[in-house]
1. Let me make sure I get this right: for the range 107-154, a, b and c are the square roots of the gyration tensor eigenvalues over alpha carbons, sorted descending. Under 1.5 in a/c it's rounded, otherwise prolate if a/b > b/c, else oblate. Which is it?
2. What does the net charge come to around GLN55 if you take all other residues with beta carbon closer than 14 Å to its beta carbon, with K and R at +1 and D and E at -1?
3. Over the range 56-154, what percent of the accessible surface lies on carbon and sulfur atoms, probe 1.4 Å?
4. Straight-line reach from LYS115: which lysines have Cα under 28 Å away, leaving out those fewer than 8 places along the same chain?
5. Have a look at LEU43, GLN82, GLN97 and report the one farthest towards the positive end of the charge dipole of the range 1-153, computed about the Cα centre with Cβ charges (Lys/Arg +1, Asp/Glu -1).
6. Could you compute the net charge surrounding CYS15? Neighbours are other residues with a C-beta less than 12 Å from the C-beta of CYS15; K and R count +1, D and E count -1.
7. Compute log10 of I(q)/I(0) for the chain with the Debye formula, placing one identical point scatterer on every Cα and leaving out solvent, at q = 0.17 Å⁻¹, to two decimals.
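The values are calculated or read from the model by the stated rules, or taken from the named source; none is laboratory data. Just so it is clear, the model here is predicted, and its values are computed rather than measured. Neighbour counts run over all protein chains shown; Cβ positions are idealised from the backbone, glycine included. Surface areas here come from the heavy atoms of the whole protein model, side chains and all, with no ligands, DNA or RNA. Shrake-Rupley method; radii C 1.70, N 1.55, O 1.52, S 1.80 Å.
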Amino acid sequence: MLEIFLFINPLGELCYQTEQGIMQLISHSNRNIRSRFITVLSLKTINDVLEVSKQPSDLNLRNQLADEIYRSALDFKAASFQGKKRGCKFLFEIQKQVGIKNLPYNEEVVSSAAKVAGLDWEMFSADRQSKLAIKSFHSDQKVAAEMNVTTHPT
């Protein structure tokens, strides 16, 4: 068995493209391959996003971006609690809407992605800010730090 860990920005277009490549590799391989997408939130993540989008390094924008990445990471965790496939569908839809279509990360986008992924909205809503989602997010950050991940996708 081969296991692939991909460290990502849950809102990033480049991460979305990389994830699609990984999924295509898995679907065309005759080997048993498992993938795990791990969200990364750091100052470097924020700097990279601002640099790629050619936005000014404004403190309010940095805070907004950090909040959106954090909320989307928790939402991805919450969606994944309903199954890995549903979690991935949710993640991919969020990345398409925010990273590719440049829509703002808001409740409308989250609701739309949840519908596409077939999530139970009531359960998802409860899980979004649960202690388990937050603990799982912090665990992912620890794994990223232990593996010296500084950029996304890695």
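1. Here the range 107-154 falls in the oblate category.
2. Details: positive: LYS54, ARG62; negative: ASP48, GLU51, ASP58, GLU68.
The answer is -2.
3. For the range 56-154, the apolar C and S fraction of the accessible surface comes to 55 percent.
4. Within the straight-line limit of under 28 Å, LYS115 reaches these lysines: LYS77, LYS84, LYS85, LYS89, LYS96, LYS101, LYS131, LYS135.
5. Result: GLN82, furthest along the dipole toward the positive end.
6. Numbers: positive: LYS96; negative: GLU13, GLU19, ASP48.
Summing Lys/Arg as +1 and Asp/Glu as -1 gives -2.
7. Debye curve over Cα of the chain, log10 I(q)/I(0) at q = 0.17 Å⁻¹: -1.00.
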